[in-house]
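Throughout, read-outs are computed from the coordinates displayed, never taken from laboratory work. Quick caveat, the model's predicted, so the values are computed rather than measured. Counting neighbours? That spans all protein chains shown, and the Cβs are built from the backbone with ideal geometry, glycine included.
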Amino acid sequence: MKSMGAQQQYVSLYTDLLQTVRELGLMRRRQGYYYTRISLVLTALLAVAVGVVLLGDSWYQLLLAGALALVLVQVAFLSHDSAHRQVFDSAAWNDWTARILAGAIAGMSVTWWRSKHSRHHAAPHPVDRDPDA
């Protein structure tokens, strides 16, 4: 019975913390940030594509491959945030943005990601249950 009291204490602490975080506005959507970030990442992607065309058949394209990797990681991060519905007020806009960023640009299935990520959030970090561990 003691463990139930300890569990209730942790739930109460979390509830208090969540209320404080919300009151401070830390859970607010930052749409301007995301509009700017999406624009910059897509511009960087376009710059890499133009660089590939301009360089032609050259060993310097390996440098652009490294840049492309960095840009695609940023695309994946933006898709992650959108899949968590952090970007737009509309769930549909978030879902479509996640699909376009992940599927059309990064080549990653949103359905696969959601399944894996939901399992991760259900049991974060135990090696035998967390697909990201």
Pop a pseudo-label 7 angstrom from the Cα along the beta-carbon direction at both Leu63 and Ser118 and give the gap in nm to one decimal.
-> 4.5
Label point distance in nm, Trp96-Gln8, each placed 7 Å from Cα along Cα→Cβ = 4.8
Quick calc, Asp128 & Val73: beta-carbon distance into FRET formula, R0 22 Å, rounding 0.05, result 0.20
Reviewing [x] 23.7, 76; [y] 19.9, 71; [z] 17.2, 49, the figure for Rg and Dmax of the Cα atoms in Å actually calculated from this model sits under [y]
Choose one of Gln74, Gln19, Asn94: the residue whose Cα lies farthest towards the positive end of the charge dipole of the chain (beta-carbon charges +1 Lys, Arg; -1 Asp, Glu; about the Cα centre).
-> Gln19
Whole-number percent relative contact order across the stretch 2-122, with pairs defined as alpha carbons under 8 Å at least 6 apart = 18
So how much slack lies between Ser39 and Thr20, counting 0.36 nm per residue of separation and subtracting their Cα-Cα distance, in nm?
-> 3.6 nm
Ala104 paired with Arg28, simple spin-label distance in nm, labels 7 Å along Cα-to-beta-carbon | 3.1
In degrees, nearest 10, range 0 to 90: what is the angle between the Cα axis of helix 61-83 and the longest Cα principal axis of the chain?
-> 30
Enumerate by residue number the chymotrypsin sites (Phe, Trp or Tyr not before Pro) in the stretch 1-85 meeting two conditions: DSSP loop (anything except H, G, I, E, B), and at most 13 other Cβ atoms within 10 Å of the site's Cβ.
-> Trp59, Tyr60
